[in-house]
Amino acid sequence: MRTRISLTREGEAYRVRLTWPQSDAMVNALALLAEQYFSDAALTVQLGMGRDGVGVLVDKLAGDHRTTREYVLDLRELHAVHAALTAAATMFLISSTYFSAENFHVKLGFHRENLDALALSLVQALSDATSPQ
């Protein structure tokens, strides 16, 4: 999976150019966390928004597409995506010392390092777009 993310500022929001595997990875991570038995308040702590907000974001990023697409996301949505990419792995801890990489890959369709790299790329792209020139 290509992990570099293209992001430019668009007013108070950001135009993000994503390949279909990138957006699919984001959707899968968001959906995984939203389907957990956590309370809505706990999900808000984890992702910065509750289930309704996550559902809207998933719908925005999802679709029957196999091409690169552009999305306009605000900081709250970018935070939720980043948080989901980094928190998804915690759902596959078997004990405090064992992570099930196989279950992660089966459920999400990607390797953990793909989601970690996307999360880092998102932060770097946002930093580049918002740093003084």
Out of (1) modelled with pLDDT of 95 or more; (2) over 18 Å from residue 127 (Cα atoms); (3) under 16 Å from the mean Cα position of the chain (by Cα), the odd one out for residue 91 is which? (1)
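Within the group 47, 78, 57, which residue is modelled with pLDDT of 95 or more and in contact with a Phe, Trp or Tyr (Cβ under 8 Å, 6 or more places away or on another chain)?
Values: 47 fails: in contact with a Phe, Trp or Tyr (Cβ under 8 Å, 6 or more places away or on another chain); 57 fails: in contact with a Phe, Trp or Tyr (Cβ under 8 Å, 6 or more places away or on another chain).
Within the list 47, 78, 57, the selection yields 78.
From the list 78, 120, which one is assigned to a helix (DSSP H, G or I), open to solvent by less than 60 Å² (accessible area, probe 1.4 Å) and either under 26 Å from residue 42 (Cβ atoms) or polar (S, T, N, Q) (or both)? Even if it seems obvious, please write down each step before you answer.
Details: 120 fails: open to solvent by less than 60 Å² (accessible area, probe 1.4 Å).
One residue alone meets the criteria, 78.
Residue 90: open to solvent by 10 Å² or more (accessible area, probe 1.4 Å), of a type in the set (Ser, Thr, Tyr) and touching a residue at least 24 places away in the same chain (Cβ under 8 Å), yes or no? Let's see the steps before the verdict.
On the way: open to solvent by 10 Å² or more (accessible area, probe 1.4 Å): yes; of a type in the set (Ser, Thr, Tyr): yes; touching a residue at least 24 places away in the same chain (Cβ under 8 Å): no.
Answer is no for this residue.
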From the list 104, 110, 38, exactly one residue is part of a helix (DSSP H, G or I) and aromatic (Phe, Trp, Tyr). Which is it? 104
Residue list for the range 93-112, restricted to those being surrounded by 14 or more Cβ atoms within 10 Å (Cβ to Cβ), of a type outside the set (Phe, Trp, Tyr) and more than 27 Å from residue 129 (Cα to Cα): 100, 105, 107, 108, 111
Among the residues of the range 36-64, which ones are open to solvent by less than 10 Å² (accessible area, probe 1.4 Å) and either under 19 Å from residue 116 (Cα atoms) or not β-branched (Val, Ile, Thr) (or both)? 43, 47, 49, 57, 61
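The values are calculated or read from the model by the stated rules, or taken from the named source; none is laboratory data. None of these values were measured; they are calculated from a predicted model. Positions of Cβ are backbone-derived with ideal geometry, glycine not excepted, and every protein chain shown enters the neighbour counts. Just so you know, the surface numbers come from the protein's heavy atoms only, side chains and all, with ligands and any DNA or RNA stripped out. Shrake-Rupley method; radii C 1.70, N 1.55, O 1.52, S 1.80 Å.
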